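As structure tokens, the structure follows; a few thoughts come after it.
Please treat every number below as a calculation from the coordinates, not as lab data. All figures in this text were calculated on a predicted structure; none of them were measured in a lab. Reconstructed Cβ throughout: ideal geometry from the backbone, glycine too, with neighbour counts over all protein chains shown.
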Amino acid sequence: TSSLDLKAFERRLTEYIACLQPATGRWRMILIVVSVCTATGAWNWLIDPETQKVSFFTSLWNHPFFTISCITLIGLFFAGIHKRVVAPSIIAARCRTVLAEYNMSCDDTGKLILKPRPHVQ
């Protein structure tokens, strides 16, 4: 493999991972906001004395903020948010697996790491 091919591959990999970063950041913020809303709603739901006195579904009906944020959080996980928040590291890990066969690796930004050649005796 020529060094030009390696440079082109590295440039494309770093470009692709960098392109994923803004979307990954947005998904992380969405996940954090919804998680905090769910935790806050859960706290209010649990400390409410009425929660123990009424049925489960009635208590959820009495706390719509918690119910909606919890449903939203569950929906986000079913939509794959857990994969979207770590997409760049998934790409880098898969590239490392493939590059290992060529005695190379890459960091989390996509920069190639050339490992020393093994000595054959």
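Relative to the longest principal axis of the Cα atoms of the chain, the long axis of helix 64-78 lies at roughly 30 degrees. I'd like the orientation of helix 87-99 relative to the chain: the angle between its Cα long axis and the longest Cα principal axis, in ° from 0 to 90, rounded to 10. Computed tilt is about 30 degrees. Between THR14 and ASN44, the simple label model (points 7 Å from Cα in the Cβ direction) yields a spacing of 4.8 nm.
Computed over every Cα-Cα pair of segment 1-69 and binned at 5 Å starting from 0, the pair-distance distribution P(r) comes out as 3, 15, 14, 11, 8, 7, 7, 6, 6, 6, 5, 4, 3, 2, 0 percent.
Trypsin sites (Lys or Arg not before Pro), restricted to segment 39-119: which are DSSP loop and have at most 14 other Cβ atoms within 10 Å? In loop regions of segment 39-119 (DSSP not H, G, I, E or B), the sparsely surrounded trypsin sites (Lys or Arg not before Pro) are LYS111.
With the biggest extent put first, the Cα atoms of the chain measure 77, 32, 18 Å across the principal axes.
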